[in-house]
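Single-structure report; data block below.
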Amino acid sequence: MATTFDLADDGGSSNCDLSNGDLSNGDLSNGDLSNGLVNQNDELLFSRISDDLSKHGYSAIVNALPLALAEQLYQHISVISDDSFKPSSIGRDNGRSNNVTIRSQRQSWISNDSLASSAWLKWASELQSYLNQHLYLGLSSFESHYAHYRPGDFYKRHLDSFAGRSGRRLSIVIYLNHHWLSSDGGELVLYASSEDLTGLRIIPSFATVVVFLSEEHPHEVLPALRDRYSIAGWYSPTLPTSI
Ligand code: OGA
Ligand code: MN
């Protein structure tokens, strides 16, 4: 069974190599919106993400997205009509098909068509610049979508990037769910490598930010038991070949 990434716990009980160590940023209990320093200072947050990536290949930080931005995105995703969310497709080229045995979430691609989406794209672009400066990742494009998992929806273990292709290099997921409980399911399970079968469970709590190297870390979304909202995005070194 995967280690639960217990946000109310200071990492002490974690027995998983993926642990980033001290994840505390004030009170980390689910749904607690208490604002740590990180929320007021993007640069501090970006430097922590950058450090985590260089040491572990991934970063998972609760209460990390600036709360005003998270709230704006939450308001926006709440009013996007159900029609904007389309069933997901699998694969990036001609072989794509709607395969609900792999994933069943619904998605809506993000463009600069609302204040909230523009604020998100601006923040994501600032993170891109920071990581390019500090980790020399050569990221040059970004694509992202709002995702809605209805009760019962899931996304089985997968990689966001296909080996040997110049595609997605860095993945980011942020969560927009107030008061998420462990019993609500829907955890992201992030694996250290293709060999890792244990993984680290991350609860999709409001304003949690997860960033990881797309080619290194298989991951999956366990079935959600209530509506689950998130944004998933991908940075690539070249223009995306398809959306
Ligand atoms: C994805 C994905 C993870 C999540 O959309 O590719 O892995 O926690 N999402 O929503
Ligand atoms: Mn993924």
task = Give the peptides 188-194, 216-222, 129-135 in descending order of average Cβ contacts within 10 Å, highest first.
result = 216-222, 188-194, 129-135
key: Spacing of the two label points (7 Å from each Cα toward its C-beta) at residue 226 and residue 82, in nm   = 1.9
request  = Quick one: P(r) of the stretch 113-172 from all Cα-Cα pairs, 5 Å bins, percents rounded to integers, in order of increasing distance.
outcome  = 3, 14, 19, 20, 18, 16, 8, 2, 0
ask   = How do the peptides 202-215, 140-153 rank, highest first, by the average count of neighbouring beta carbon atoms within 10 Å per residue?
value = 202-215, 140-153
key: Label-point separation in nm, residue 102 to residue 159, each point 7 Å along Cα→Cβ   = 1.3
note = The Kirkwood hydrodynamic radius of the stretch 183-243, taken as the inverse of the mean 1/r over all distinct Cα pairs, in Å, comes to 13.2
key: Residues of the stretch 138-181 with amide N under 14 Å of the 7 Å Cα→Cβ point at residue 109   = 142-146
ask   = Using the Cα atoms of the stretch 130-243 to build a convex hull, what is its mean projected area in square nanometres?
value = 7.4
ask   = Hey, which lysines would be in cross-link range of residue 156, C-alpha to C-alpha under 24 Å, not counting anything within fewer than 8 residues on its own chain?
value = 86
request  = Just add up the charged neighbours of residue 136: K/R +1, D/E -1, any other residue whose Cβ is under 15 Å from the Cβ of residue 136.
outcome  = 0
key: Under the Karplus curve 6.51 cos²θ - 1.76 cosθ + 1.60, θ = phi - 60°, whole-Hz ³J(HN,Hα) for the stretch 208-221, x wherever Gly or Pro sits   = 5, 10, 10, 10, 8, 5, 4, 7, 9, 10, x, 7, 8, 10
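All of the numbers you see were taken from the coordinates with simple rules; none came from a lab. Keep in mind that what you see is a predicted model, and the values were worked out from it rather than measured. Note: ideal-geometry Cβ built from the backbone for every residue, glycine included; neighbour counts use all protein chains shown.
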